[in-house]
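Undergrad: So that we are looking at the same thing, I have put the structure below in structure tokens.
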Amino acid sequence: MANTCIIIPCYNEASRIAFSEFQNFIEKQTDIDLYFVNDGSTDDTQNIINSLAKLASNTKALHLTKNVGKAEAIRQAVLQLDTVYKRIGYLDADLSTSLQEIERLNAIAIKNNKPFVMGSRVKLADTQIDRRLKRHYSGRIIATYIDTFILKLGIYDTQCGAKIIEYRLAKDLFKQPFKTKWLFDVELILRAKLSYGTSYCLDNITEIPLKTWKDIGKSKITGFDIMKLPIDFFKIHKHYR
């Protein structure tokens, strides 16, 4: 049995799922299972992930009857896992963070025995982070606000969609529904801080700079979602204060 299960939420991703990349990974990987979640898609996503799930026993598929959003789709997958793994992670279906990178994050989590490892899109001399300038600056403003006024943990990039979490910790953090649609990563970290303490988070939540990350485009986040961020921040402040 694999030690890690990576959840991949999918909503109308038929045109973006890199079938051959997933197929190669599934056929070669023995230490990581993939768990695709069809979040009420109306295109051909269901058939595509069913085809991937049939390739090997290390791949599963969950189909939700209606669209519930990325946060709830991942949460449902975590709650419905019927296999006990050592770690649970999640990854965006467009592979902006590659399968090789999530494999590297998993290896780091194992080697360093860290219960919460998260990818970070920070540009360094030896990294290739392909991100549109507008999204980079807006992302930095949001991330700075999040860490300065909400988390206060010195975290650079909460919103990168690649994380590996120890199984029991993930089961605990995903137990309750999230209050926001796009800031559930912030809620996850805040739940860890409130439940286990600041020192625990500083010692056990590890950001790993990604070697590569590519802005695929066609983001599911709309301008309206960005406009609603102040309301989402208020919801987080109110609920977790």
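The values are calculated or read from the model by the stated rules, or taken from the named source; none is laboratory data. The shown structure was predicted, so the numbers you read here are calculated from the model rather than taken from an experiment. Cβ atoms come from the backbone with ideal geometry, glycine included; neighbour counts cover every protein chain shown. Side chains included, ligands, DNA and RNA excluded: accessible areas come from the protein's heavy atoms. Shrake-Rupley method; radii C 1.70, N 1.55, O 1.52, S 1.80 Å.
Undergrad: Return the sequence-ordered ³J(HN,Hα) values of region 197-212 in whole Hz as given by the Karplus equation 6.51 cos²θ - 1.76 cosθ + 1.60 applied to θ = phi - 60°, using x for Gly and Pro.
TA: Listing the rounded values in order: x, 4, 4, 4, 5, 5, 8, 10, 9, 10, 8, 10, x, 6, 6, 9 Hz.
Undergrad: Under 18 Å from a point placed 7 Å out from the Cα of ASN3 along the Cα-to-Cβ direction: which residues of region 138-173 have their backbone N that close?
TA: 163-170
Undergrad: With +1 on each Lys and Arg Cβ and -1 on each Asp and Glu Cβ, and nothing else charged, work out how big the dipole of the chain is about its Cα centre, in Debye to the nearest 20.
TA: Details: 36 positive and 27 negative charges, 153 e Å.
Magnitude of the dipole: close to 740 debye.
Undergrad: Can you give me the convex hull volume of the Cα atoms of region 27-66, divided per residue and expressed in Å³?
TA: Numbers: hull volume 2.2 nm³, N = 40.
Per-residue hull volume (Cα only) is 55 Å³.
Undergrad: Also, I was wondering about something else. With the cut-off at 1.5 for a/c, could you classify region 1-139 from its C-alpha gyration tensor as rounded, prolate or oblate? Walk me through the numbers before you get to the answer.
TA: Values: a/c = 1.56, a/b = 1.16, b/c = 1.35.
Cα axes put region 1-139 in the oblate bin.
Undergrad: Could you pull out every residue, at least 5 positions away or on a different chain, whose amide H is within less than 5 Å of the one on ASP33? Hs are placed 1.01 Å off N in the peptide plane, and Pro or chain starts have none.
TA: THR4, CYS5, ILE6
Undergrad: Continuing with the same structure: Can you classify the chain as rounded, prolate or oblate using the Cα gyration tensor, where a ≥ b ≥ c are the square roots of its eigenvalues, rounded means a/c under 1.5, and otherwise it's prolate if a/b beats b/c and oblate if not? Show your work: numbers first, answer last.
TA: Details: a/c = 1.35, a/b = 1.26, b/c = 1.08.
Rounded is the answer for the chain, as its axis ratio a/c remains below 1.5.
Undergrad: As a test of the formula, what do you get for the chain when each DSSP H run with n ≥ 4 contributes -39,500 (n - 2.57) and the sum is divided by the residue count, at 222 nm and rounded to the nearest 500 deg cm²/dmol?
TA: On the way: 10 runs with 101 residues, N = 241.
The helix contribution divided over the chain gives -12500 deg cm²/dmol.
Undergrad: Give the lysines whose C-alpha is closer than 25 Å to that of LYS54, dropping any in the same chain fewer than 8 places away, or say none.
TA: LYS28, LYS66, LYS70, LYS86
Undergrad: For region 98-168, what is the accessible area per residue in Å², given a 1.4 Å probe and the full set of protein chains? Mind dumping the intermediate values first?
TA: Values: 3690 Å² over 71 residues.
Per residue, region 98-168 has 52 Å² of solvent-accessible surface.
Undergrad: Quick one: Kirkwood hydrodynamic radius for region 128-169, alpha-carbon pairs, angstrom, one decimal?
TA: Working: mean 1/r = 0.0841 Å⁻¹.
Value: 11.9 Å, from the Cα pair sum.
Undergrad: Could you give the length gained on full extension between THR148 and TYR200, defined as 0.36 nm per residue of separation minus the Cα-Cα distance, in nm? Don't skip to the answer; put the middle values down first.
TA: Working: separation 52, 0.36 × 52 = 18.72 nm, distance 1.85 nm.
Stretched out fully, the THR148 to TYR200 stretch lengthens by 16.9 nm.
Undergrad: Per residue, how many Å² of accessible area does region 1-91 show with a 1.4 Å probe?
TA: Numbers: 3940 Å² over 91 residues.
In whole numbers, region 1-91 has 43 Å² accessible per residue.
Undergrad: Select from PRO177, PRO230, PRO209 the residue whose mean-square fluctuation is largest in a Gaussian network model of the chain (Cα-Cα springs shorter than 10 Å).
TA: PRO230
Undergrad: Could I ask something else about it? Quick one: the Cα spread of region 22-99 along its three principal axes, in angstroms, biggest first?
TA: Here the spans come out as 32, 27, 24 Å, largest first.
Undergrad: Taking the alpha-carbon set of region 119-233, what are its Rg and Dmax in Å?
TA: Here Rg and the maximum Cα pair distance are 14.5, 40 Å.
Undergrad: Okay, next question. Rounded to the nearest 5, what % of DSSP beta bridges with both residues in region 96-241 are antiparallel?
TA: Working: 3 of 11 bridges.
DSSP beta bridges in region 96-241 are roughly 25 percent antiparallel.
Undergrad: Which angle between 0 and 90 degrees, to the nearest 10, do you get for helix 133-145 versus the longest principal axis of the chain when only C-alpha atoms count?
TA: 60 degrees
Undergrad: While we're here: Karplus couplings for region 173-182 from phi (6.51 cos²θ - 1.76 cosθ + 1.60, θ = phi - 60°), rounded to Hz, Gly and Pro as x?
TA: Each residue of region 173-182 in turn: 5, 9, 4, 9, x, 8, 8, 10, 7, 10 Hz.
Undergrad: Against the longest alpha carbon principal axis of the chain, how many degrees, from 0 to 90 and to the nearest 10, is the axis of helix 70-80 turned?
TA: 60 degrees
Undergrad: Modelling each spin label as a point 7 Å along the Cα-to-Cβ direction, I'd like the LYS235/ARG132 distance in nm, to one decimal.
TA: 2.4 nm
Undergrad: Shifting gears a bit: When the Karplus curve 6.51 cos²θ - 1.76 cosθ + 1.60 is applied with θ = phi - 60°, which whole-Hz ³J(HN,Hα) does each residue of region 225-237 get, with x for Gly and Pro?
TA: Those phi angles translate into 4, 5, 5, 7, 4, x, 5, 5, 4, 5, 4, 5, 4 Hz.
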